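Inspection log for the structure reproduced underneath, given as structure tokens.
Just so you know, all these numbers are worked out from the coordinates, no wet-lab data involved. Quick caveat, the model's predicted, so the values are computed rather than measured. Glycine also receives a Cβ, built like all others from the backbone with ideal geometry; neighbour counts cover every protein chain displayed.
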């Protein structure tokens, strides 16, 4: 698979996450046939082409926490978007038992 095809697959998987559910970076990597490449998924999200309508906010770390980014407001925005979809948190983490995407 070419690097472009890998990115397309990662974006396709993220686009498939339904409202009210989340997936971890590692989960997406595994589904793309790239186990142990969670950081590649994070990089793909950072490099998402401008104008691509991707539900980036539905990707969290393995523990259900929102990963830190450059702008603190983006973490707040991600939580707000998830809560608007009905995703519940336990403290600072998504309730993964309830909201983890199981395709």
Problem - For segment 42-103: relative contact order, % (alpha-carbon pairs under 8 angstrom, 6 or more apart) - result: 28
Completion exercise
Per the helix-only model, the chain has a calculated mean residue ellipticity at 222 nm (DSSP H runs of ≥4, -39500 (n - 2.57) each, divided over all residues, rounded to the nearest 500) of -13000 deg cm²/dmol
Completion exercise
Relative to the chain, whose Cα atoms define the longest principal axis, helix 3-16 and its Cα axis are tilted in degrees, nearest 10, by 30
Problem - the chain: Cα Rg divided by the 2.2 N^0.38 Å rule of thumb - result: 1.01
Exercise for the section: Measure off 7 Å from each Cα along the Cα-to-Cβ vector at residue 15 and residue 62, then give the distance between these two points in nanometres to one decimal. Expected result: 2.9
Fill in the blank from the handout: So the angle from the long Cα axis of helix 72-84 to the longest Cα principal axis of the chain, reported in degrees to the nearest 10, equals 80
Problem - Simple label model, 7 Å out from Cα along Cβ direction - residue 81 to residue 100, nm - result: 2.2
Handout entry: Spacing of the two label points (7 Å from each Cα toward its C-beta) at residue 5 and residue 92, in nm
Key = 4.0
